[in-house]
Amino acid sequence: MVDFQSSTHRSRWIFSPDELMEKREIANQRATKLLEQFGVTRLDVNVDGSVSYPEPIFDQKDNAERPLPKPLNCEEEQHMRIFYEQKIQEVCQAFKFPHKIQATAIIYFKRFYLQWSVMEHHPKHIMLTCIYASCKVEENHVSAEELGKGIQQDHQIILNNEMVVYQSLGFDLIVYAPYHSIEGFLEDMQEHFHARDEEQEKFKVLLQIAYSEVDKIMLTDAPLLFPPGQLALAALRRSNELHGVLDFEGYLNIILSQQRSVHSASELFEFLNSIYSLVHKLKIPTAKDMRHIDRKLKSCWDPSPDENKKREKRSKHKSKRTASEMQGPHA
């Protein structure tokens, strides 16, 4: 199996903060233009992964007389993404999926919304498809019917969005999650510090708290900015700060010397600090926040009932474009 250093995860899906901002602004601006042009932002997805432009729901006279719905801004889109990333964690926990499936699904979801706005593809639909795709890739086979039934959603939505998700990911489906790295580092720590039998329980606590810390990290932009090994070390450092099991700085110096790392200890600590700065800045949207944002999204997605009927009459003439054509050049 390809390791992280030579993977597409490293070469194509690790970005700078400015690059993330630019991609999200482009997607948001594209959806806003759709709203201005058509009065609606929802894109219909075809099974082959192509998408259909919406038909205009207002004529030019209507546009002059009635105000358009307000588009979501980038901050509201971020709240919506975080909300559904939490939902991915909840669904995966309900199905008792391994941590790897949860992490892969969240990374797919994050990558998808670097290409698209939540105004174009509803995150509830994409969330389900990302979980389904993650199960397939990680060989934890669950049918779309079983997944849909378990959370009382139409399984056909999952299948309809499957190809557009794969295309938006550039078919880069192998991802590296920090959970496995945590286990590897923990075994290494036990060996370095010659952990006695009576100390094993402390390391088990360190592991479980580190898992919880990674769950928080996965809701930030850190998985798109840092390699999984650094995410794992950040979670272990935080866990150790809470429980004081070992000399963490001493351990980092040991592994840096052994691996002949290109980073110094001070640089590595700077990276770990940056990761936890993102966790501290993470704003979990409140129920009030989500009600307001959801109302705005619905107004962007769904015209009034009367306009919907007009739109259906014109639907035969929809133009189709593939996901890659809609997005422009790939990341």
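The values are calculated or read from the model by the stated rules, or taken from the named source; none is laboratory data. What you are looking at is a predicted structure, and each value in this text was computed from that prediction instead of being measured. Glycine also receives a Cβ, built like all others from the backbone with ideal geometry; neighbour counts cover every protein chain displayed. All accessible areas refer to the heavy atoms of the entire protein, side chains included, with ligands and DNA or RNA removed. Shrake-Rupley method; radii C 1.70, N 1.55, O 1.52, S 1.80 Å.
Out of all the residues in the stretch 73-91, which are open to solvent by 30 Å² or more (accessible area, probe 1.4 Å) and touching a Leu at 6+ places or on another chain (Cβ under 7 Å)?
Correct list: GLN86 only.
Since ILE174 meets every condition but one in (1) more than 19 Å from the chain's Cα centre (by Cα); (2) open to solvent by 40 Å² or more (accessible area, probe 1.4 Å); (3) among the β-branched types (Val, Ile, Thr), which condition does it not meet?
(1)
Can you pull out every residue in the stretch 251-295 that is assigned to a helix (DSSP H, G or I), open to solvent by 40 Å² or more (accessible area, probe 1.4 Å), aliphatic (A, V, I, L, M) and more than 15 Å from GLN230 (Cα to Cα)?
Passing the criteria: ILE254, ALA287.
From ALA103, ALA94, ALA133, which residue is small (Gly, Ala, Ser) and open to solvent by 50 Å² or more (accessible area, probe 1.4 Å)?
Among ALA103, ALA94, ALA133, only ALA94 is small (Gly, Ala, Ser) and open to solvent by 50 Å² or more (accessible area, probe 1.4 Å).
Taking the stretch 250-296, which residues are in contact with a Lys or Arg (Cβ under 9 Å, 6 or more places away or on another chain) and farther than 20 Å from MET218 by Cα?
Correct list: LEU252, ASP289, LYS296.
Tell me which residues, restricted to the stretch 134-153, are touching a helix residue (DSSP H, G or I) at 6+ places or on another chain (Cβ under 7 Å), within 21 Å of PHE112 (Cα to Cα) and not hydrophobic (A, V, I, L, M, F, W, C).
Of everything in the stretch 134-153, those that are touching a helix residue (DSSP H, G or I) at 6+ places or on another chain (Cβ under 7 Å), within 21 Å of PHE112 (Cα to Cα) and not hydrophobic (A, V, I, L, M, F, W, C) turn out to be SER134, GLU138, GLY148, GLN153.
For every residue, the table says whether it meets (1) within 14 Å of the chain's Cα centre (by Cα); (2) open to solvent by less than 10 Å² (accessible area, probe 1.4 Å).
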| residue | (1), (2) |
| --- | --- |
| GLN200 | no, no |
| LEU206 | no, yes |
| ALA210 | no, yes |
| ILE217 | yes, yes |
| ALA222 | yes, yes |
| PRO227 | no, no |
| GLN230 | no, no |
| LEU236 | no, yes |
| SER239 | no, yes |
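Tell me which residues, restricted to the stretch 247-291, are of a type in the set (D, E, K, R) and under 13 Å from ARG237 (Cα atoms).
The answer is ASP247, GLU249, GLU270.
Can you name every one of the helices (runs of 4 or more DSSP H) wholly within the stretch 151-250 that holds 3 or more residues which are farther than 30 Å from ASN46 by Cβ, in contact (Cβ under 8 Å) with a residue 12 or more places away in the chain and in contact with a Pro (Cβ under 6 Å, 6 or more places away or on another chain)?
Answer list for the stretch 151-250: 228-243.
For the stretch 6-31, how many residues meet the condition of being at pLDDT below 95, polar (S, T, N, Q) and surrounded by 15 or more Cβ atoms within 10 Å (Cβ to Cβ)?
The total comes to 2.
Filtering the stretch 111-130 down to residues that are out of contact with any Phe, Trp or Tyr (no Cβ under 9 Å at 6 or more places or on another chain) and open to solvent by 10 Å² or more (accessible area, probe 1.4 Å), which residue is modelled with the lowest pLDDT?
Among those residues, the one meeting the criterion is HIS125.
Mind telling me which of the residues ASP197, ASP154, ASP215 ends up being assigned by TED's automatic domain parsing to the domain that holds VAL142 and either charged (D, E, K, R) or under 17 Å from ARG238 (Cα atoms) (or both)?
Being assigned by TED's automatic domain parsing to the domain that holds VAL142 and either charged (D, E, K, R) or under 17 Å from ARG238 (Cα atoms) (or both) holds for just one of ASP197, ASP154, ASP215, which is ASP154.
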